[in-house]
1. What relative contact order, as a whole-number percentage, does the chain give when Cα pairs under 8 Å and 6 or more residues apart are counted?
2. Sorted by packing (mean other beta-carbon atoms within 10 Å per residue), highest first, where do 178-190, 270-282 land?
3. I'd like the distance between the alpha-carbon centres of segment 93-107 and segment 11-61, rounded to an integer number of Å.
4. Which three extents, in angstrom, do the Cα atoms of segment 270-314 have along their principal axes, listed largest first?
5. So what does log10 I(q)/I(0) come out to for segment 68-150 at q = 0.26 Å⁻¹, using the Debye formula with one equal point on every Cα and no solvent?
6. Counting just the Cα atoms, what span does segment 108-161 cover along each of its three principal axes? Round to the nearest Å and put the largest first.
7. Which of the chymotrypsin sites (Phe, Trp or Tyr not before Pro) found in segment 172-241 are in a DSSP loop and have at most 12 neighbouring Cβ atoms, other than their own, within 10 Å?
8. How much net charge surrounds Tyr137 when only other residues with a Cβ under 14 Å from its Cβ are counted (Lys, Arg +1; Asp, Glu -1)?
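Values quoted throughout were computed directly from the atomic coordinates according to the rules given, and no laboratory measurement underlies them. Predicted, not measured: the structure shown is a model, and the values here were computed from it. Heads up, the Cβs are rebuilt from the backbone with ideal geometry, glycines too, and the neighbour counts pull from every protein chain shown.
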Amino acid sequence: MKNTLRQVFHSSKFLVGFIIFLLILLTMWVYPFLNPGNPLEMIGVGTFARPGTYFSLYDAVNTPAETLRLSDADDKRVAASMSMEDRVAMVEWFTLAEVDIEGLDINDTDALLDLWFANYDSSLKLKGMTNAKKNYYKRLDRSIREIRAADTFTLMHPDEDSGELVKRSDISKTDYINVGQVTNVKRLPLGTDNFGRDVLKELVSATGTSIVIGLIAGIVATFIGLSLGLLAGYVGGFLDDIIMFITNIFTVIPSFVLLILISYSIGQDQRGASVVAIVIGFTSWTWTARSVRSQVISLRNRDHVNLSKLSGHSLVRIILTDILPYIASYVVMAFILQVSSGILSEAQLSLLGLGPKTTEVPTLGLMMNWAMLYSAHTNGSWWAYFPVILTITFISFSLNLMNTGLDQVFNPTLRD
């Protein structure tokens, strides 16, 4: 056993896959201690908040400020206030005013503003420009100049007695606060999803649930496939014909179509994570049964098996002690592939809206489903779906890499 484990961990492919999978498991275990709470808690009122660090503006007002004079602060402030639509509109004005814009980079804020301040005149009557467009350019010009000219921002609040707005304080352009001193700060490395939930916390929880689903599906599929394959391969005859007939039926019907039909017939209220895992396992055992059967057929007439028959050992004992140990490595590899297949099947089911109940636990497939339903892929909210795709990829890659490493260790034809 020690020698076998030594060989396994000497396989570079198995070792890399094992380390990746172990890191995923460690993240699932450690992160809930760093960020406890319900992963489905809706902390945001809006949808798809961008990744970053958020602090309370209410608390920031009462946080002691320090004076910093940054040379490029005004330029950054103006650049951030100008949308791409504003920049395109400015170029349109230059074109109508017949201003030379050759070589102008629309993203170069300084060059764009220098050209704007040198040429813009609200009194010009440009051909083809509507009054609405003229008013738009006036507002844009006024907004840019106010941002550049203003030095302070005045906070007002209603007086308790009169109800009139009175000055509370002035905030200068040079006032900066230390985020670490703000009372309420929330770091969202992956932002929020369409329901205003912390995507990273949700992703860690969903990864754990999907792996559990994969493990349950792998156990069910491997157990059914192993049991039927052992019986069909060793007993043979009429029993083999019956088992292979059933296996062929399941093989002819696409497993995913069968999975969809069964999941749909169960109903949303009964589709918990465990039920979905069992259904996936029940529909994905056929190739394991066929492979085990072919392995057992090559073993059933070996000398040690015939000796056990002559010794009067029972069918169960012969299968468990004289056949199963010789295909144990193959069973482990089949189980790893079944786990990977189970995780992918759950993701596919959930994308179709046939996954586990959405109100209890998140899964990787459900996160993809939510992102798709709320058009995260079309509005640029990549953080709602891309980390999920990456996580599924890493899990599948690590499991398949482990399987390839085991195959190289136990398959003589693949050894270097």
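1. Relative contact order, the chain: 26 percent.
2. Ranked by mean Cβ neighbours within 10 Å, highest first: 270-282, 178-190.
3. Here the answer is 46 Å between Cα centres.
4. 51, 20, 9
5. -1.50
6. 55, 27, 17
7. For chymotrypsin sites (Phe, Trp or Tyr not before Pro) across segment 172-241 that sit outside H, G, I, E and B with at most 12 neighbouring Cβ atoms in 10 Å, the list is empty.
8. So the surrounding residues net to +3.
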